[in-house]
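First comes the structure, then the notes that go with it.
Values quoted throughout were computed directly from the atomic coordinates according to the rules given, and no laboratory measurement underlies them. Remember, predicted model here, so these are calculated numbers, not experimental data. Counting neighbours? That spans all protein chains shown, and the Cβs are built from the backbone with ideal geometry, glycine included.
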Amino acid sequence: MIRNLTLSVLAASVLIGGFAVDKATAAEETIFIPGLVYRTGPYAPGGIPSANGLSDYFNLINQRDGGANGVKLVFEECETGYNTKVGVECYEKFKSKKPIVVIPYSTGITYQLIPKTPIDKIPVFSMGYGRTSAADGRVFKWVFNFPTTYWSQASAIINYIGSQEGGIPNLKGKKIAHIYHNSAYGKEANPTLEVLSKKLGYKLKLLAVDHPGQEQKATWLQIRRWKPDYIFLSGWGVMNQVALKEASGIGFPMDHFIGNWWSGTEVDMGPVGAGGHGYKAATFHPPGGKSKLHDDIRKYVYGKGLGAGKVERIGEVLYNRAMLNAVFVVEAIRAAQKKFGVKVTTGEQVRWGLENTHFTEAKWAKLGLKGYPEIKVSCEDHEGGHPVLIQQWDAKAKTWNIASGWNPVMKDIIRPMIEADAAKFAKENNITPRDCSKED
Amino acid sequence: MDLWQAIVLDPILDMIDAPEFLAEVFIGGLMSGVMYSLVALGFVLIFKASGVFNFAQGVLALFAALTLVGLMTGTVPILLTQVPGMEMPPWLAIIITIVVMIGMAFLVERIILRPLVNQDPIIMFMSTIGLAFVLEGAGDILWGSEVKTLDIGIPNSTFMWADIQFQEFDIWAAVISAVMVVFLALFFQRTRVGRALRAVADDHQAALSVGIPLKAIWVVVWSVAGIVALVAGVMWGSKSGVQFSLSLIALKALPVLILGGFTSVPGAIVGGLIIGVGEKVAEVYWGPLVNGAIENWFAYMVALVFLLFMPQGLFGEKIIERV
């Protein structure tokens with residue numbers, strides 16, 4: 001009798017408690033943002049600063065501003081281990097929580113989510129990665145990859161190499177090798193490099209490296225034999241560290257070795273040590289952590305003991321990139337709140353916010369970030385066409401320094417390629433491209 | 001005809017045209033093979049002594065390297081803060097890491113192996129999968145997931161000899177592996193413990209019945225495998241930094257083991273060299289025909305061919321079971 005009574009009381013407590021939690025949740029209006037992150041596994045060294053950058057910025061908005069226009073942001077991480085299958089499972093798990101955007105942080109996961117998100121009405125924001133032709137917003141209504149894409153990046157790097165050689169015409173006859181991660185991500189730049197090779201007359205060698213890239217001797221033997229003038233690296237994780245060490249080992253001139261924006265981080269430079277001095281990499285944001293926005297994160301997040309990582313790692317390349325990713329998401333939420341007159345936004349509304357992203361110099365300054373060019377996204381153009389910076393590693397100071405101005409992308413070549421690929425995708429998937437003149 | 005030209009004639013003519021480059025590819029393959037052998041040796045040791053394929057060998061290498069770097073940099077486990085003045089010289093850190101690996105061998109024997117005496121090999125294998133997950137998690141909690149630079153003074157420079165480029169790092173790896181092989185061969189062939197190890201591998205019950213202390217033997221063999229893992233972890237970690245992808249080097253050892261035999265120390269070395277040379281030659285001369293990146297699957301394909309004709313590998317023991 002006593003046992004039954006106790007059980008009944010316990011059950012009632014659980015029920016009441018459960019309702020109380022539900023009521024509290026319902027009373028507090030929140031916006032849910034899932035994060036597909038990887039803090040474990042072979043790619044964790046790159047995943048950790050990225051996850052920290054996202055978490056810290058959303059935390060800053062809650063702590064400093066009380067949320068996006070007063071609505072708290074709930075950021076929840078799901079560990080993918082940089083595994084596409086697990087990433088898709090994370091997405092399925094989060095779907096019922098009505099996320100306003102999904103940030104896949106993996107080109108492989110992005111490819112898998114592209115057919116799912118139009119049905120679920122959740123925009124995908126794959127900032128500077130994922131499927132390049134998703135930049136054609138007429139076909140890929142729910143996918144955004146601004147401020148720039150792999151194809152644009154490749155063209156900007158060719159532009160930069162041209163400038164180093166005294167002009168684009170001087171590229172004729174030069175040898176450029178592309179060492180790439182043998183995955184959807186690594187292969188993205190190949191079509192652009194091939195098209196530009198035919199147009200500009202440089203010789204191109206494509207060298208694939210299998211996951212994880214711990215062993216690359218065959219690749220570097222071929223480099224030794226072919227003797228390229230420049231090497232472009234599209235690596236990730238241990239592949240970058242080994243490539244840098246091999247290049248340094250064979251004495252390849254580091255200032256002619258240029259990584260893409262996932263191959264130029266502080267994490268990559270440790271093992272190569274002094275041998276990495278002078279190595280260059282593309283980026284779409286300045287390095288360092290001295291902006292007002294960084295100061296705010298130190299003050300409002302780390303000052304309160306809420307930081308996701310170590311305070312001294314604020315400003316690292318991957319941290320800044322993820323922080324920028326979060327900045328774009330929050331501004332899209334704010335734009336959607338204003339446009340639709342709501343506090344808690346839906347995925348559809350934030351999709352509109354992303355599509356109407358417009359960052360002017362004044363807006364960057366207001367956000368506490370300086371030195372960024374204008375970004376304008378539209379119904380047709382989900383990329384924004386952002387130019388690309390080249391940064392260079394100083395092994396003594398262990399810092400990245402800006403080594404170029406903003407290198408323009410070759411829009412006249414890249415945009416037709418994007419439209420052709422998007423049209424092919426539309427045909428294969430029975431998608432009728434949107435008429436952007438009729439869009440709001 | 002074009003296909004014949006592309007697949008057979010062109011690569012062979014290319015080799016003939018540039019023999020010094022072929023020699024460089026060959027030597028590069030040998031050097032890579034030495035690194036694969038280092039990993040394969042750890043597998044062979046445990047398989048010889050217990051008939052168990054140790055799935056955790058790659059993670060053992062990772063864990064040993066993490067411990068070594070942690071000690072060298074004066075890092076406090078779990079807190080991950082570096083205490084100035086607590087940095088250890090490499091020789092001291094190596095000794096302490098060896099002690100840690102021996103301690104781990106005791107724990108493995110006590111917690112995992114002892115309760116599983118006389119169980120089917122598949123059950124022992126499953127237990128090593130569990131061990132791999134535990135060690136990987138423990139490594140993450142104790143030492144963190146960041147890439148750690150490991151510098152024990154092995155130079156990374158190159159030198160030319162007879163128009164062939166050599167990397168000093170590779171030469172060091174070859175010398176260290178050679179020393180390891182000699183040491184292990186003497187240990188197995190010339191010591192009482194070594195002979196006891198082989199007896200245990202044949203039959204746990206029979207070894208016990210003639211007075212061989214099974215528990216002590218397992219501790220010894222896991223300790224030696226831990227030390228081999230440390231050497232492999234140091235060599236691979238010096239190239240790429242110590243990070244969790246190190247655990248994947250085990251994948252490089254599998255074709256080597258199939259080729260060389262699971263029970264042969266010389267087999268691990270010869271198998272490593274054949275795989276190393278084979279995959280480099282294949283990648284450089286035939287890779288471009290299929291957009292490259294063939295070396296990983298090529299190694300497994302070679303192993304598969306060997307499995308068809310020599311299931312026990314080049315040097316493995318022929319297993320004959322009476323029915």
Which FRET efficiency value, to the nearest 0.05, do you get for residue B:17 and residue A:366 by plugging their Cβ-Cβ distance into 1/(1 + (r/R0)^6) with R0 = 56 Å? 0.30
Return the calculated 222 nm mean residue ellipticity for the protein assembly as shown, to the nearest 500 deg cm²/dmol, obtained by summing -39500 (n - 2.57) across DSSP H runs with n ≥ 4 and dividing by the residue count. -17000 deg cm²/dmol
Karplus 3J(HN,Hα) series, Hz, for segment B:109-116 with 6.51 cos²θ - 1.76 cosθ + 1.60 (x for Gly, Pro): 5, 5, 8, 9, 6, 4, x, 10
Using just the Cα positions, wrap segment B:158-240 in a convex hull and report its mean projected area in square nanometres, one decimal place. 7.2 nm²
For residue A:434 and residue B:81, FRET efficiency with R0 = 51 Å and r from the beta-carbon atoms, rounded to 0.05? 0.40
Separation in nanometres of the label points that stand 7 Å from Cα toward Cβ, at residue A:69 and residue B:198: 8.0 nm
Given H placed on each backbone N at 1.01 Å, which residues far from residue A:406 in sequence or on other chains put an amide H within less than 5 Å of it? none
Would you mind checking the tilt of helix A:411-428 against the longest principal axis of the Cα atoms of chain A, expressed as 0 to 90 degrees and rounded to 10? 50 degrees
What full-extension length gain, to one decimal in nm, is calculated for residue A:401 and residue A:295 as 0.36 nm per residue of separation minus the Cα-Cα distance? 36.2 nm
How would you classify segment A:156-249 from its alpha-carbon gyration tensor, with a ≥ b ≥ c the square roots of the eigenvalues: rounded for a/c under 1.5, else prolate if a/b is greater than b/c, otherwise oblate? prolate
So for B:143, A:142, fewest C-beta neighbours within 10 Å to most, what's the order? B:143, A:142
How far apart, in nm, are two points set 7 Å out from the Cα along the Cα-to-Cβ line at residue A:170 and at residue B:301? 4.3 nm
Nearest 10 degrees, 0 to 90: what angle lies between the long axis of helix A:217-226 and the longest principal axis of chain A (Cα atoms)? 40 degrees
Yeah, the protein assembly as shown with a ≥ b ≥ c from its alpha-carbon gyration tensor (a/c under 1.5 is rounded, else prolate when a/b outruns b/c, oblate otherwise) is oblate
Mean separation of Cα contacts under 8 Å (at least 6 apart) over the residue count of chain A, i.e. the relative contact order in percent, is 19 percent
Expected sort for A:226, B:91 with the fewest Cβ neighbours (10 Å cutoff) up front is B:91, A:226
If packing is taken as the average count of other Cβ atoms within 10 Å, what order do B:75-81, B:253-259, B:179-185, A:174-180 fall into, highest mean first? B:253-259, A:174-180, B:179-185, B:75-81
Tell me which DSSP H helices of chain B clear both cut-offs, 30 Å or more of axial length from alpha-carbon atoms and a mean Kyte-Doolittle hydropathy of at least -1.0. B:19-50, B:121-143, B:168-190, B:214-240
Angle between the Cα long axis of helix A:317-340 and the longest principal axis of chain A, 0 to 90 degrees, nearest 10? 50 degrees
Using the Cα atoms as the points, what is the convex hull volume per residue of chain A in Å³? 168 Å³
Just subtract the alpha-carbon distance of residue B:118 and residue B:9 from 0.36 nm times their residue separation and send over the number in nm, one decimal. 33.7 nm
Range in chain B, longest, excluding exposed trypsin sites (Lys or Arg not before Pro) [loop by DSSP; at most 12 other beta-carbon atoms within 10 Å]: B:1-317
Counting other beta carbons within 10 Å of each residue's own, what order do A:64, A:334 fall into, fewest first? A:64, A:334
What are the semi-axes of the equivalent ellipsoid of segment B:221-321, taken as the square roots of 5 times the eigenvalues of the Cα gyration tensor, listed largest first and rounded to whole Å? 23, 23, 10
With the Cα gyration tensor of segment A:317-440 in hand, convert its eigenvalues to equivalent ellipsoid semi-axes via √(5λ) and list them largest first in whole Å. 30, 23, 13
As an exercise, find the ratio Rg/Rh for segment A:50-198 from alpha-carbon atoms, using the Kirkwood inverse-distance average for Rh. 1.06
HN-Hα couplings for segment B:151-165 via Karplus (6.51, -1.76, 1.60; θ = phi - 60°), in whole Hz with x for Gly/Pro, come out as 10, 10, x, 7, x, 10, 7, 10, 9, 9, 8, 6, 6, 10, 8
